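Report on the structure given below.
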2 protein chains.
Amino acid sequence: MKGLENKNFIPNLSFDCVIFGFNGKLLKILVLEYHNTGFFALPGGFIEVDQSIDEAAKKGVKDRTGLDNVFLEQFHVFGEVDRADPEHMRQILIANNDLTEENEWMLDRFNTVGYYALINYEEVTPTPDQFSDSIGWYAIDELPDLMMDHNQIVEKALIVLRNNLSEKLIGMNLLPPKFTMKQLQSVFEAILDQKLRRTTFQRKMLSLDILERHEKLFQGKAHKAPYLYSFK
Amino acid sequence: MKGLENKNFIPNLSFDCVIFGFNGKLLKILVLEYHNTGFFALPGGFIEVDQSIDEAAKKGVKDRTGLDNVFLEQFHVFGEVDRADPEHMRQILIANNDLTEENEWMLDRFNTVGYYALINYEEVTPTPDQFSDSIGWYAIDELPDLMMDHNQIVEKALIVLRNNLSEKLIGMNLLPPKFTMKQLQSVFEAILDQKLRRTTFQRKMLSLDILERHEKLFQGKAHKAPYLYSFK
DNA sequence: GATTATTGTCATAAAGTGAGACAATAATAA
DNA sequence: TTATTATTGTCTCACTTTATGACAATAATC
């Protein structure tokens, strides 16, 4: 199998990544479509015997997005006995001519560690993995039916993201290094799925003392030019 | 091996539990001491092939405490390659006369799912597992050196507990079904490791509308008797 | 029956948030 | 060149929440 040969993986354990991006309007995630099966799935993979789970997930995100140094955090382990139907994996292996004896371990029960990543949408070149022929951005409320329990994994990731948004101040990971206050507000609104009050939002963000204001203004629109900010 | 024979476990994956209790003054956790090795460790175990990770952890807590229906939640997966020194496990197996060929899988790399539990200290009868000769409560700031990365696991559990305390309102799980406002405040103070203001705390708790006040008062002290409350 | 320690509640001050007003200004239209 | 438009940065005032202290109520003890 391309890419998996000569590697030793830990059995019964995988990782799956909910990779969030923001296109200026909508919160989106990266979804793979597998060859000839019509299955949609989250980007994921297995853990090599001499690789930490974090390293494996980090490499997974790098391979699918080209990005290094991304905000990436595990959020939950999904450990139900029958969370993954082995029949799905069988069909994927068959579609790839990979249903060999040495790959049978992939049909076993799998526990998976869920990770979520926040990335700068503009910097990404999505790249399919060896099983899939397409990878693309899907708005969070227009996801296709995903394999196994991947829709639930996304749900849980969203809950955790919403909880951590204000507390950990991670929203800026979805934006370019320099951004306007309005862009930042849009990120919060997209994630929380609610409108926020402009003046209150601005006052709060500034009071947190985490933003650096740059004198260089963002111009090009027919109105007062807003400041650009970066994360301190 | 007593208790493990005839069972099929998932390799390379375990769980460990940080079981919190509150004795009225201090926040404590349950720690095991292993036979003849002097090793201290968190209660934990392996996951059977037809058992979810949650079920395994739940059973682990039941076996060590006798308690069912306990607040129990996973908080982190520890997946570093060398987080567990196989030499420790080897010594434990030797001390138990269990270092057989069929137990060699226990010497392999292990990823572990960390759980934390909050229990009513008074209801517990701590029970050692088959490898350990003692189990006992240790104050959170007087823990012995634990095996492997178990001290770090406790650290992380504490951080998560502190974060979730106010948000998820889980503090009452450390108390008997009926408790006074002062007891509840003591729990918060022990977990957060800081003094809280009595009137503010009381007003906040009552405003949350999660407590039921009972007319039956707690008596026995030389002052006005406080109300008893229970969780709604 | 007075004393003591602690409780339940209120009063006031301080801090934080909601909601709108208004001047400033970059591009566009006149 | 000047007026218009849309949006930004900031301020104000009302309202809500939190901090802090005061005080009466009361169960056991002296």
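Tell me the helices (runs of 4 or more DSSP H) entirely within region B:117-232 that contain at least 2 residues that are loosely packed, with under 15 Cβ neighbours inside 10 Å and more than 21 Å from the chain's Cα centre (by Cα).
In region B:117-232, B:198-207 are the helices (runs of 4 or more DSSP H) which contain 2 or more residues that are loosely packed, with under 15 Cβ neighbours inside 10 Å and more than 21 Å from the chain's Cα centre (by Cα).
Out of A:Phe40, A:Phe71, A:Phe20, which single residue is among the aromatic types (Phe, Trp, Tyr), assigned by TED's automatic domain parsing to the domain that holds A:Gly136 and touching an Asp or Glu at 6+ places or on another chain (Cβ under 7 Å)?
One residue alone meets the criteria, A:Phe40.
Pick out, from region B:3-114, the strands (runs of 3 or more DSSP E) lying fully within it that include 2 or more residues that are away from chain A (no Cβ under 14 Å) and not charged (D, E, K, R).
Passing ranges, in order: B:9-22, B:27-34.
Would you be able to tell me the number of residues in region B:214-227 that are more than 8 Å from DNA strand C (Cβ to nearest atom) and either in contact with a Lys or Arg (Cβ under 9 Å, 6 or more places away or on another chain) or on the phi < 0 side of the Ramachandran plot (or both)?
5
Taking region A:200-228 on its own, how many of its residues are more than 10 Å from DNA strand D (Cβ to nearest atom), among the hydroxyl-bearing types (Ser, Thr, Tyr) and touching a residue at least 24 places away in the same chain (Cβ under 8 Å)?
The total comes to 0.
The values are calculated or read from the model by the stated rules, or taken from the named source; none is laboratory data. Note that the coordinates shown come from a computational prediction; the quantities given were computed from them, not determined experimentally. Counting neighbours? That spans all protein chains shown, and the Cβs are built from the backbone with ideal geometry, glycine included.
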